[in-house]
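Report on one structure; see the data block that follows.
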Amino acid sequence: MPITGGCHCGTIRYEAGGAPITHALCHCTDCRRSAGAPMVGWAMFPADAVKVTKGAPKVYESSTHGRRHFCPACGSGLFYTNDAVLPGIIDLQSATFDDPGAIPAQAHVQVAERIAWMERAHELPSFERYPPMEG
Ligand SMILES: [Zn+2]
Ligand SMILES: [Zn+2]
């Protein structure tokens, strides 16, 4: 059963066959700034295992060889490719999977650039929804 996913607005849809090569949570500065989020989950697939089934992502040159593919309508980040460092590979932003819990992340990467407080983020108080409002 292929993994399916897409952007927030539904303009872009994709599917990926088989299991990912790896699934990592990236803490690098490029991912953080690009996503506007403290970290980004990436599931790595052979490029030929992934196909866009609806729409056409826009491509941003985020570094010399790095390419970030995103929805031109809503801005959701979707894919990362780098023909120099990762030929034949595509990384999928795993939080855009229709079932983002299906494939657990396996590692944190690029923690040299991690936001300091993220190291202990799992120890923060947690609320099913929001903390109770004061008075
Ligand atoms: Zn969209
Ligand atoms: Zn990164």
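The values are calculated or read from the model by the stated rules, or taken from the named source; none is laboratory data. Being a predicted model, the structure only gives us computed values, none of them experimental. Here the Cβ positions follow ideal geometry from the backbone for every residue, glycine too, while neighbour counts run over all protein chains shown. The protein model used for the area step is the full one, side chains on, heavy atoms only, and it has no ligands, DNA or RNA in it. Shrake-Rupley method; radii C 1.70, N 1.55, O 1.52, S 1.80 Å.
Within the range 70-102, the set of residues being part of a loop (DSSP other than H, G, I, E, B), within 16 Å of ligand 2 (Cβ to nearest atom) and closer than 15 Å to Ala24 by Cβ comprises Val85 only. Check the range 18-27 and report whether any residue there is in contact with a Leu (Cβ under 6 Å, 6 or more places away or on another chain), farther than 18 Å from Gly88 by Cβ and in a loop (DSSP other than H, G, I, E, B). No, the range 18-27 has no match at all.
Exactly one residue out of Thr64, Thr53 is open to solvent by 60 Å² or more (accessible area, probe 1.4 Å), hydroxyl-bearing (Ser, Thr, Tyr), part of a loop (DSSP other than H, G, I, E, B) and more than 24 Å from Ala121 (Cβ to Cβ): that is Thr64. The set of residues from the range 31-57 being out of contact with any strand residue (DSSP E or B) (no Cβ under 7 Å at 6 or more places or on another chain) and within 16 Å of ligand 2 (Cβ to nearest atom) comprises Arg32, Arg33, Gly36, Ala37, Pro38.
Whenever a residue of the range 21-34 is touching a residue at least 40 places away in the same chain (Cβ under 8 Å), its partners that are within 9 Å of ligand 2 (Cβ to nearest atom) and open to solvent by 60 Å² or more (accessible area, probe 1.4 Å), lying with C-beta atoms within less than 6 angstrom and at least six residues away or across chains, give the pairs Leu25/Met39; Cys26/Gln110; His27/Met39; His27/Gln110; His27/Glu113; Cys28/Gln110; Cys28/Glu113; Thr29/Glu113.
Applying the condition of being of a type in the set (S, T, N, Q) and out of contact with any helix residue (DSSP H, G or I) (no Cβ under 7 Å at 6 or more places or on another chain) to the range 1-58 and asking which residue is nearest to ligand 1 (Cβ to nearest atom) yields Thr11.
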